[in-house]
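Peer 1: Quick one: this structure, given as structure tokens, is what I'll be asking you about.
The values are calculated or read from the model by the stated rules, or taken from the named source; none is laboratory data. Just so it is clear, the structure is predicted and the values come from calculations on it, not from any experiment. Neighbour counts run over all protein chains shown; Cβ positions are idealised from the backbone, glycine included. For accessibility, only protein heavy atoms count, side chains too; no ligands or nucleic acids. Shrake-Rupley method; radii C 1.70, N 1.55, O 1.52, S 1.80 Å.
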Amino acid sequence: MSETLHYHFDVDGASFANAGRASVETKKLLRQLGVPPEVIRSISVAMYEGEINMVIHAHGGDADVYITEDTIIIILKDVGPGIRNVEEAMKEGFSTAPENIRALGFGAGMGLPNMKRYSDEMHIDTKVGVGTTIELWYHLNKH
Amino acid sequence: MAKYTHSVSIDPDKCTGCTTCLRRCPVEAIRIRNNKAVINPLSCIDCGECIRVCKHSAKHASYDKLTDLDYSKHLIALPAPSLFGQFNHMNEADYVIQGLLDMGFSEVYEVAKAAEYVTDLTRIYMNGRQSRDPVISSACPAVVRLIKLRYPTLCEQLVPVLTPYELAGKLAREKAMREHPELSPSDIKTVFISPCPAKVSWAKSVMEGQKVYVDYVTSMNDVYMELLSRMKHDEVPSPEAASEAGIVGLGWATTSGEAASLMNDGYLSADGIDNVIKVLDDLESGTVSDISFVELNACSPGCVGGVLAPTNGYVARVRLHNLRKTGGMVVKPNDIRDVDESIAAGNISDEYTEEEAFTYMPEGAPNMLAMMLAMKKAEALADKLPKKDCGACGSPTCRAFALDVVNGEAKLEDCKIRTEME
Ligand SMILES: Nc1ncnc2c1ncn2[C@@H]1O[C@H](COP(=O)(O)OP(=O)(O)O)[C@@H](O)[C@H]1O
Ligand code: SF4
Ligand code: SF4
Ligand SMILES: [Mg+2]
């Protein structure tokens, strides 16, 4: 049986100031573990986008990081509005972010595409009115 | 890869084990063991923060003493730009140059002048660059080491140009060889006057096969004391020696000076090691947009705030500002133009590689699985600790303590305030 490390972070939906904290903390842990730098950078990019999405679009949620010797899985779960059309949401530049959020520099519509680009596998499970769960997978052995 | 030689160290006779530095070290390199602070050389970045905060003067930096210099050699002083902000009632940089000559240096080559060349080289480099990721200044060695150890994927964004003092050493030596054919290369010694331990360490840690541009690194404090007694700016109306650096180069002494000198649209500058870390995290997650250049200084407000600089950095900044306003310095555009592509080719540094990336892995943790097991145990242990992060155990946080215990570097009994432990 393989060992699994698990870390949990609350993603505070009420504050932009704390957005990104879970990915910074995760990065520290992965560095300590000796995870390859390129994987850390990818996780840092993808997880940050996921965290920001939870704050902007879903009033926050939970970030869970599972680490085994050969795989890292990041699960970002919220009980927000859900994504109506995933295919559309995945398009570069597509965004439903309101004007006030865009004024802050968010809402460029690059978050989901970048999460896909910066992960080995991305799985989106979403239901309108129920919430969204996104899994980001990283296979360490292929690196 | 040669060993990194640290400038920052601890005087065990003075250290009381008070935990101040323990909690302020930005990379958690310090532990208190047997009531004395010890620094982990693998993770220390020589930022000098622990020297700054120690109330018992137990932390110090090592460097070459002025008495170590061999004055029979052709000694070239390389004053850092920040030196010019150290003096009260001084409106001309020329007094500093004259003072250095009076101290016994054969020549002075201003690092500020080399900084102007670095600005130019950086501009050339940026113009020819394909990537849209911002480039990061490589001038602060504490920041460069932090990037190598903790943000290795950002290494490729570091400007691959020699730092101003290295370039100053190189150009000064070449100039002296040209002007003094009678001297053999070993007769010429370059002496950098440093505001910080980071630059001492950087200069002393020259990697194998790499050229040495700076022979000695002295402390700005020491030089300042010597200069004070020699600089007679009350009596001498105008010294013979003339400063050659312009406002562009002097500006490097304070934060934003380097970035502004590039005359580029989008730049970001930050100082103070904690702020630097925040910016690096953002750079790593790719959230910084519309920025082409990033200047990061471990000290606030820039090198004038280095721990080997005697004057309060904010006071020094005002003085530098006044120095420029009263016209002591003029821009010398022709000097800057001197730099052409051929010099550029010769002054590009290839040090910014990822070689050191994993030196923060604790010994005895040879692979990820072993480290995972250790961290899992540590996590379980940390859950039962008081979570006060008090530092009394000798580790900076309860979490760090837990891992230290698991790694056999600390004993559970070292935690004096644990309550519900079984
Ligand atoms: N966690 C989420 N909950 C609800 N909707 C989301 C979530 N994440 C993304 N979306 C939807 O997908 C769209 C595209 O997301 P993204 O590519 O990150 O762009 P942006 O966040 O800039 O709008 C968002 O505008 C939003 O409508
Ligand atoms: S010099 Fe900086 S990194 Fe090194 S021990 Fe002191 S505070 Fe930590
Ligand atoms: S900011 Fe300047 S003085 Fe401070 S550590 Fe970096 S190079 Fe040295
Ligand atoms: Mg987004």
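Peer 1: Sort B:THR190, B:THR67 from largest to smallest accessible area, using a 1.4 Å probe on the heavy atoms of the protein chains.
Peer 2: These residues rank, largest area first, as B:THR67, B:THR190.
Peer 1: Evaluate chain A: find the radius of gyration of its Cα atoms, find its Kirkwood radius, and give the ratio Rg to Rh.
Peer 2: Value, to two decimals: 0.96.
Peer 1: Leaving ligands and nucleic acids out of the surface, order B:ARG399, B:ARG23, B:ARG230 by accessible area at 1.4 Å, largest first.
Peer 2: Heavy-atom accessible area, descending, gives B:ARG23, B:ARG399, B:ARG230.
Peer 1: Tell me, what is the percent relative contact order of region B:22-169, built from C-alpha pairs under 8 Å that lie six or more residues apart?
Peer 2: Reported as a whole number, the value is 21 percent.
Peer 1: By what distance, in whole Å, do the Cα atoms of region B:81-158 stretch along each of the three principal axes, largest value first?
Peer 2: 47, 28, 26
Peer 1: Please list, in chain and number order, the residues 5+ apart from B:VAL8 or on another chain whose amide H is under 5 Å from its amide H, with Hs placed from the backbone.
Peer 2: B:SER62
Peer 1: Another one. Find the relative contact order for chain A and round it to a whole percent, using C-alpha pairs within less than 8 Å whose residues are 6+ positions apart.
Peer 2: 26 percent
Peer 1: Right, something else. Please give the solvent-accessible surface of A:GLU87 in Å², to the nearest 10, using a probe radius of 1.4 Å with every protein chain present.
Peer 2: Answer for A:GLU87: close to 140 Å² accessible.
Peer 1: Rg/Rh for region B:137-295 to two decimals, with Rh computed the Kirkwood way over all alpha-carbon pairs.
Peer 2: Result: Rg/Rh = 1.01.
Peer 1: Same structure, new question: Carbon and sulfur together cover what percent of the accessible area of the protein assembly as shown at a 1.4 Å probe radius?
Peer 2: 50 percent
Peer 1: In addition: If you count, for every residue in A:39-48, the Cβ atoms of partner chains within 10 Å of its Cβ, what is the mean?
Peer 2: Taking all residues of A:39-48 together, the mean is 4.
Peer 1: Next up: I'd like to check one number: the per residue accessible area of chain B, probe 1.4 Å, reported in Å² as a whole number.
Peer 2: Dividing the accessible area of chain B by its residue count gives 43 Å².
Peer 1: Hey, another quick one. If all Cα-Cα distances of region A:1-77 are sorted into 5 Å bins from 0 onward, what percent lands in each bin, rounded to whole numbers?
Peer 2: 3, 16, 29, 23, 15, 9, 4, 1
Peer 1: From the backbone phi of region B:56-71, what are the Karplus-calculated ³J(HN,Hα) couplings (6.51 cos²θ - 1.76 cosθ + 1.60, θ = phi - 60°) in whole Hz, Gly and Pro given as x?
Peer 2: Calculated HN-Hα couplings, in order: 10, 6, 8, 9, 9, 10, 9, 6, 7, 7, 4, 6, 7, 6, 9, 6 Hz.
Peer 1: Which net charge results when you count Lys and Arg as +1 and Asp and Glu as -1 among the other residues whose beta-carbon is under 10 Å from that of B:LYS199?
Peer 2: Spelling it out: positives minus negatives among the neighbours equals -1.
Peer 1: Here's something else I'd like to know. Between helix A:37-58 and chain A, what is the angle of the helix's C-alpha long axis to the longest principal axis, kept within 0 to 90° and rounded to the nearest 10?
Peer 2: 30 degrees
Peer 1: Okay, moving on. Restricting to bridges with both residues inside chain B, how much of the DSSP beta-bridge set is antiparallel, in percent to the nearest 5?
Peer 2: Given both bridge residues lie in chain B, the antiparallel proportion sits at roughly 30 percent.
Peer 1: In the full protein assembly as shown, how much of A:VAL79 is accessible to a 1.4 Å probe, in Å² to the nearest 10?
Peer 2: Approximately 120 Å² of A:VAL79 is accessible to the 1.4 Å probe.
Peer 1: Report the Cα-based extents of region B:367-422 along its three principal axes, largest first, to the nearest Å.
Peer 2: So the three principal-axis extents are 33, 20, 16 Å.
Peer 1: Next question, about the same structure. What does the helix-only formula give at 222 nm for chain A: each DSSP H stretch with n ≥ 4 adding -39500 (n - 2.57), the total divided by the residues, and the result rounded to the nearest 500 deg cm²/dmol?
Peer 2: After summing the helix terms and dividing by residue count, I get -10500 deg cm²/dmol.
Peer 1: Based on alpha-carbon atoms only, what is the radius of gyration of chain B relative to the globular estimate 2.2 N^0.38 Å?
Peer 2: Ratio of Rg to 2.2 N^0.38 Å for chain B: 1.04.
Peer 1: With a 1.4 Å probe, what is the total accessible area buried between chains A and B, in Å² rounded to the nearest 100?
Peer 2: Approximately 2400 Å² gets buried when A meets B.
Peer 1: Using a 1.4 angstrom probe and counting only protein chains, how large is the accessible area of A:TYR66 in Å², to 10?
Peer 2: 80 Å²
Peer 1: Can I ask one more? Using DSSP to call loops (not H, G, I, E or B), can you name the trypsin sites (Lys or Arg not before Pro) in region A:1-91 whose Cβ has at most 13 other Cβ atoms within 10 angstrom?
Peer 2: Loop-located and lightly packed - A:ARG84, A:LYS91.
Peer 1: Rounded to the nearest 500, what is chain B's calculated 222 nm mean residue ellipticity when only DSSP H runs of at least 4 contribute -39500 (n - 2.57) each, over all residues?
Peer 2: Calculated at 222 nm, the ellipticity per residue is -10500 deg cm²/dmol.
Peer 1: Restrict the search to region B:157-225; then list the trypsin sites (Lys or Arg not before Pro) that DSSP places in a loop and that have at most 16 other Cβ atoms within 10 Å of their Cβ.
Peer 2: B:LYS211
Peer 1: As an exercise, use a Förster radius of 30 Å and the Cβ-Cβ distance of A:THR71 and B:ASP274 to find the FRET efficiency, rounded to the nearest 0.05.
Peer 2: According to the calculation, E is roughly 0.35.
Peer 1: Kindly tabulate the residues in region A:68-99 with an accessible-area decrease of at least 10 Å² between the chain alone and the assembly of all protein chains, using a probe of 1.4 Å.
Peer 2: Buried by 10 Å² or more upon assembly, which counts only protein chains, are A:GLU69.
Peer 1: State the volume of the convex hull built on the alpha-carbon positions of region B:1-113, expressed per residue in Å³ and rounded to an integer.
Peer 2: 171 Å³
Peer 1: Still on this structure, please answer the following. Just the ratio, please: alpha-carbon radius of gyration of region B:83-126 over 2.2 N^0.38 Å, N its number of residues.
Peer 2: 1.49
Peer 1: With the convex hull built on the Cα atoms of the protein assembly as shown, state its orientation-averaged projected area in nm².
Peer 2: 29.4 nm²
Peer 1: What distance in nm separates the two pseudo spin-label positions at B:CYS18 and A:ARG117, each 7 Å out from Cα along the beta-carbon direction?
Peer 2: Distance between label points: 5.0 nm.
Peer 1: Calculate how steeply helix B:111-127 sits against the longest principal axis of the alpha-carbon atoms of chain B, using the helix alpha-carbon long axis, and give the answer as 0 to 90 degrees to the nearest 10.
Peer 2: So the helix axis and the longest Cα principal axis differ by about 70 degrees.
Peer 1: Pop out a list of residues from region B:245-292 that are at least 20 Å² less accessible with all the protein chains around than in their chain alone; 1.4 Å probe, no ligands or nucleic acids counted.
Peer 2: Residues meeting the cut-off: B:ASP281, B:GLU284, B:SER285, B:THR287.
Peer 1: If you keep only loop residues by DSSP, which trypsin sites (Lys or Arg not before Pro) in region B:55-164 have at most 14 other Cβ atoms within 10 Å of their Cβ?
Peer 2: Answer by residue number: B:LYS55, B:LYS65, B:ARG129, B:ARG132.
Peer 1: For region B:102-110, just list the computed ³J(HN,Hα) in residue order, Karplus coefficients 6.51, -1.76 and 1.60, θ = phi - 60°, integers in Hz, with x standing in for Gly and Pro.
Peer 2: 5, 6, x, 6, 6, 8, 10, 10, 6
Peer 1: In whole percent, what relative contact order does region B:367-422 give with Cα contacts below 8 Å and a gap of six or more residues?
Peer 2: With pairs under 8 Å counted, the relative contact order is 33 percent.
Peer 1: Let me ask another. What ratio of Cα Rg to 2.2 N^0.38 Å holds for region A:63-143?
Peer 2: 1.21
Peer 1: Run through the DSSP bridge list for the protein assembly as shown and note the antiparallel percent, rounded to the nearest 5.
Peer 2: 65 percent
Peer 1: Separate question: If you fit an axis through the alpha-carbon atoms of helix B:313-325 and take the longest principal axis of the Cα set of chain B, what angle between them do you get, 0 to 90°, nearest 10?
Peer 2: 20 degrees
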